[in-house]
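Worksheet: the structure to be examined is printed underneath.
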Amino acid sequence: MRSVMIASALLVLMLGCVRFSGDAAAAVTRFEIASKVRYGSFKAGEYTRWDAIVVGELSPAAEAIPDLEKAPRNARGLVEYSTRVTLIAPADPARANGALLVDVPNRGRAISASLYNSPRRVPVPLGSLDEGTGFLQDNGYTIAVVYWELGHGVTLPSFTGPDGQPRSVEGAAFAIVRDAADFLSHASADSAGHGNPLAGTVKRSLALGYSQTGRFLKSFLLRGFNSTEGRRVFAGMHILGAAAGQIVLRSITGPASGAGAIPTFDEPEMRGVNEEPLALGDLVKEANARADGMPRMVFVNTTTDYFSLRASLARSGGTGAQDKPFPENLRAYDIAGASHALISGPSACNYPYAILDWHPVMRATLLALDRWVAADTPPPASELMPLREAAQDSMALRAPAHLPLAVIRVPILDRDGNATGGVRLPDMVAPLGTHAAQNPPLSPLCSLAAGYLQFAKTRNERVAANDARPSLAERYINRNDYVNRIRAAARALEDRGLLLAEDAAVMVQAAGADTALKR
């Protein structure tokens, strides 16, 4: 387990990172395609996958990147970097929908296919670019996976420290994502004449972040990197599970990134993640004061994010228990009963891993965000879970000592142990068990995977198990009754714009095939 950071050094680092980056003198100098292969056939036609290397330059004089000035410079007085980029795009540019979705990988793992293309109960693994359901491709999206994290496909600027050891300037990652996205959106070719495969096809750019890289995108905004050469880089951001955190990218010896650790139940005092501004409203206000062109943003949170990742602080900030208002450019949706991570296989925790499939909400809210950006059509209103103060609840990650006035709050649970309010998928409206229960021993894996506790089938079974939750036989007349409740819940969520018709059909079909209830 990583040791606790020294607070004074961290504060110096944070202050050094927060300066406005401005219109940096930076450029992608080479875009070299390493391979080009057919990806698959979808409603939007054939898709192609390109794997490429991006080489770029950064100006230490123009960038707010700590230690960049210590790195060696080329003949133009600039600092060089290189990184991997993977593109997945329609072979016929006319079939693209005009949206470039920039996938910011989590710990070196691409996230877009997992978050949007996962079939029900069969998640596409993080890091995989498998087709899955093909949702992104059916809807004409172009995907760019831009690697940024030390040890995962990027060669960062580096320098020799006073101890003689090389140090990588991981803060350059913000500029790398910025410049790669800007090049793909606006350039026709690099300075050597290598063509941009997406030239002329991108009308709007959206960024995708999950957990670690949701925090990356919040820090990206806060530090002024969403603007370059007078242009806004991302018009929209879709962020899952970023809770109330930021990210600290500092110069490190490696070989692994310094951006992977988070506060845990074993190490709640870790600095650098839960730092002000914590409330989303405060973050947007501060970021807007530093740079023009704030994006429209959709945040999605899970039940687990509140218990294990202090997500309530994104609503209240580091003082008190009162929600602060969201700005007009932001929507937030809490998925009741959802776990931060969906893990398959035998559980390493006290309970089986959580199973609620939250991918349908990600699909619906992506399309809502895209309509908001492209056509100025507002998405559904934010839907949040009601909260209670966690106080001494051992199942909730407590506030760190450096936030003495912070109040951790967690979702209010019903008699079954299920979270109330928020976006309620049909599996929560007509449940077969308790979803997203905290899952001892609350290791990093168990605290994020959460648990699923099935209901007993009959009253006699639950009494024998000393289970106070009503059994399936006490809840539903028969399978038809259960399926009808699922169907009604799906229709209601679809009417609110938070579920797609195709996902609603899958849910009803799954309910009809479930054997937990008799006909």
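The values are calculated or read from the model by the stated rules, or taken from the named source; none is laboratory data. Keep in mind the model is a prediction, meaning the values are calculated, not measured. For neighbour counting, all protein chains shown are included, and Cβ atoms are generated from backbone atoms with ideal geometry for every residue, glycine included. When the accessible area is computed, the model is the full protein with side chains, heavy atoms only, and any ligands, DNA or RNA have been set aside. Shrake-Rupley method; radii C 1.70, N 1.55, O 1.52, S 1.80 Å.
Tell me yes or no: at least one residue of region 176-197 is closer than 30 Å to PRO166 by Cβ, under 14 Å from the mean Cα position of the chain (by Cα) and crowded, with 24+ Cβ neighbours inside 10 Å.
No, every residue in region 176-197 fails to be closer than 30 Å to PRO166 by Cβ, under 14 Å from the mean Cα position of the chain (by Cα) and crowded, with 24+ Cβ neighbours inside 10 Å.
For a quick check of your reading of the model, give me the residue pairs whose first member lies in region 76-102 and is free of Cβ contacts under 8 Å to residues at least 12 places away in the same chain and of a type in the set (Phe, Trp, Tyr), whose second is open to solvent by less than 30 Å² (accessible area, probe 1.4 Å) and assigned to a loop (DSSP other than H, G, I, E, B), with beta-carbon atoms closer than 7 Å and at least 6 apart or on different chains.
Listed pairs, sorted by first residue: none to list.
Which of the helices (runs of 4 or more DSSP H) contained wholly in region 415-480 include at least 3 residues that are open to solvent by less than 30 Å² (accessible area, probe 1.4 Å)?
In region 415-480, 426-429, 444-449 are the helices (runs of 4 or more DSSP H) which contain 3 or more residues that are open to solvent by less than 30 Å² (accessible area, probe 1.4 Å).
Can you tell me which condition ASP503 does not meet? The list is (1) in a helix (DSSP H, G or I); (2) open to solvent by 50 Å² or more (accessible area, probe 1.4 Å); (3) touching a helix residue (DSSP H, G or I) at 6+ places or on another chain (Cβ under 8 Å), and all the others hold.
Just one mismatch for ASP503, condition (2).
Checking the conditions here, which among ARG371, ARG409, ARG388 is out of contact with any strand residue (DSSP E or B) (no Cβ under 9 Å at 6 or more places or on another chain) and open to solvent by 10 Å² or more (accessible area, probe 1.4 Å)?
After ruling out the rest, the residue left standing is ARG371.
How many residues are surrounded by fewer than 21 Cβ atoms within 10 Å (Cβ to Cβ) and closer than 14 Å to GLY258 by Cβ if we restrict to region 142-160?
Adding up the residues that qualify gives 2.
Can you tell me which of PRO123, PRO60, PRO93 is on the phi < 0 side of the Ramachandran plot, of a type outside the set (Gly, Ala, Ser) and within 16 Å of the chain's Cα centre (by Cα)?
One residue alone meets the criteria, PRO123.
Within region 285-344, which residues are part of a helix (DSSP H, G or I), open to solvent by 10 Å² or more (accessible area, probe 1.4 Å) and of a type in the set (Asp, Glu)?
GLU286
Step by step: first the residues of region 251-274, then only those that are over 21 Å from CYS446 (Cα atoms), among the small types (Gly, Ala, Ser) and in a loop (DSSP other than H, G, I, E, B), then the one that is modelled with the highest pLDDT. Which residue is that?
Across region 251-274, the extreme among qualifying residues is GLY272.
Within the set of pairs 6+ apart or on separate chains, which have a first residue in region 491-519 that is more than 20 Å from PHE135 (Cα to Cα) and in contact (Cβ under 8 Å) with a residue 40 or more places away in the chain, a second that is charged (D, E, K, R) and in a helix (DSSP H, G or I), and C-beta atoms under 7 Å apart?
LEU517/ARG479; LYS518/ARG479; ARG519/ARG479
Of these, SER312, SER308, which one is touching a Phe, Trp or Tyr at 6+ places or on another chain (Cβ under 7 Å) and either under 27 Å from VAL233 (Cβ atoms) or of a type in the set (Gly, Ala, Ser) (or both)?
Answer to the check: SER312.
For region 249-259: of the residues being among the hydrophobic types (A, V, I, L, M, F, W, C) and open to solvent by 10 Å² or more (accessible area, probe 1.4 Å), which is nearest to VAL146 (Cα to Cα)?
Across region 249-259, the extreme among qualifying residues is ALA256.
Between a residue in region 366-394 that is touching a residue at least 40 places away in the same chain (Cβ under 8 Å) and any residue that is open to solvent by 60 Å² or more (accessible area, probe 1.4 Å) and in a strand (DSSP E or B), which pairs come within a Cβ distance under 9 Å, given they are 6 or more apart or on different chains?
Taking only residues 6 or more apart or on different chains, the pairs are LEU369/ARG296; TRP372/ARG296; VAL373/ARG296; PRO379/ARG296.
So if I check each of ALA256, ALA314, which one is under 17 Å from the mean Cα position of the chain (by Cα), of a type outside the set (Asp, Glu) and on the phi < 0 side of the Ramachandran plot?
Going through ALA256, ALA314 in turn, the sole match is ALA314.
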